Amino acid sequence: MNIDKSRPVLVTGANGYIASWLVKYLLADGVDVHATVRNPDDDKKVGHLKKLAEAGPGKLTLFKADLLAEGAFDEAMAGCELVFHTASPFVIMGVKDAQKELVDPAIKGTRNVLEAANRCDTVKRVVLTSSVVGIYGDAADMRATQNGIFTEQHWNTTSSVEHQPYNYSKVAAEQAAWDISKQQNRWDLVVINPGLVLGPSLTTASASGSFATFKQFVNGSLKMGAPMLELGIVDVRDVAMAHIKAGFTPSASGRHICVSKSMTMLEIGRLLREKFGSGYPFPKKELPKFMVWMAGPFSGITRKFVSLNVGHPLKFDNSYTRKDLGMEFRPAEASIVEFFQQLIDDGVIRDKRKAA
Ligand code: NAP
């Protein structure tokens, strides 16, 4: 599918952590971007996009669109051949009503965007931001894989609204997208499945779970030790670049795992201590699983989550993505260090190196 770069492209949720890098790369390449956000007048959320646009040469136009408002994407999509659908809530802590806060916007929002694509006769390709949690639900699911590693062939069949609701929102939205795409043949669907995205942010106003996950390393919650949890890590700039390649590589197809490598929480803690000193409450050891199991409900994680994730390895095969999109991934260690440094530079984390 050849995409004409002189036509505008649509980016939904354009102010987000990942999408901001995507917009930056598109504008720098001279592509005009139709960017949907929930509130184009909120300068805290969109000011950085306007700044990016000043550098050009691509032109940025902001549109207001909520995932749950039917028809909200029609105006922004008009004239676009390529649609990047990134908008979806990535909230992992403090969710009270998972159906309303996560699942509805993810599934109904995806249907809303793809139904707009069906109505818009210029659209040729849709790139959807799914996740590795579209591939697996709990780390324990890896035991059922043939080679002890997750690939694009696998699907998350174990999450639900009650158990791992964010994971469920992503797999259900991706499945809805494949179903809708198969009912027509004007546009094709290419899916990006990132692991935990880390690395420097262009916005300080994102509610992305990437920040919440990372803040655990400084808020003292891992001071006594970290649970043995592995995270599949990828750099935000690589994820944005994978979207670009998925959009503009005519032969690109299917799902794409974007993970540089898996690291345990303890390995991340050790790396951060080595680079940023011992003034922060980085974990020094792994907690025994039974302790995590006992304490889980008091720190907002269920015992079912602990049983099926703590102590279970988590590995991803990124070879299809490297081949199909011609991607190479930055070392996860560099993304972690740069992310932490940037949170210090932005004043989100206090610089304790001098004090240490
Ligand atoms: P983010 O910064 O929070 O971006 C999410 C975007 O979705 C924001 O623009 C947000 O708008 C928008 N959004 C949420 N609910 C909406 C609604 N009801 N209507 C319209 N827009 C809505 O998080 P991110 O990390 O960049 O995530 C972007 C995508 O990547 C998501 O699909 C996420 O599931 C996926 N992903 C992220 C990771 C990761 O580790 N970060 C990993 C795998 C996949 P507001 O700013 O107005 O809230």
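The values are calculated or read from the model by the stated rules, or taken from the named source; none is laboratory data. Remember, predicted model here, so these are calculated numbers, not experimental data. Note: ideal-geometry Cβ built from the backbone for every residue, glycine included; neighbour counts use all protein chains shown. Only protein heavy atoms, including side chains, enter the accessible area calculation; ligands, DNA and RNA are left aside. Shrake-Rupley method; radii C 1.70, N 1.55, O 1.52, S 1.80 Å.
Miscellaneous remarks
- All conditions but one from (1) more than 13 Å from the ligand (Cβ to nearest atom); (2) part of a loop (DSSP other than H, G, I, E, B); (3) closer than 28 Å to residue 300 by Cα; (4) not acidic (Asp, Glu) apply to residue 58; the one that does not is (3).
- Considering residues of segment 177-196 that are assigned to a loop (DSSP other than H, G, I, E, B) and open to solvent by 40 Å² or more (accessible area, probe 1.4 Å) only, the residue farthest from the ligand (Cβ to nearest atom): 185
- Whichever residue in segment 113-127 is open to solvent by 10 Å² or more (accessible area, probe 1.4 Å) and either among the polar types (S, T, N, Q) or within 12 Å of the ligand (Cβ to nearest atom) (or both) and, among such residues, is farthest from residue 2 (Cα to Cα): 118
- When segment 148-176 is filtered for residues that are among the polar types (S, T, N, Q) and not in a helix (DSSP H, G or I), the ones remaining, listed by number, are 151, 153, 156, 157, 158, 159, 160, 164.
- The numbered conditions (1) open to solvent by less than 10 Å² (accessible area, probe 1.4 Å); (2) near the ligand (Cβ under 9 Å from one of its atoms); (3) within 20 Å of residue 256 (Cα to Cα) are all true for residue 171 except (2).
- Here residue 199 fulfils each of the conditions (1) near the ligand (Cβ under 8 Å from one of its atoms); (2) on the phi > 0 side of the Ramachandran plot apart from (1).
- Summed over segment 142-160, residues that are open to solvent by less than 40 Å² (accessible area, probe 1.4 Å) and either over 21 Å from residue 239 (Cβ atoms) or of a type in the set (Phe, Trp, Tyr) (or both) total 6.
- For segment 199-240, filtering for residues that are assigned to a helix (DSSP H, G or I) and in contact with a strand residue (DSSP E or B) (Cβ under 9 Å, 6 or more places away or on another chain) leaves 7.
- Cross-chain or 6+ apart pairs with Cβ under 6 Å, segment 39-63 first and closer than 22 Å to residue 78 by Cβ and touching a residue at least 24 places away in the same chain (Cβ under 8 Å), then basic (Lys, Arg) and open to solvent by 30 Å² or more (accessible area, probe 1.4 Å): 40/64
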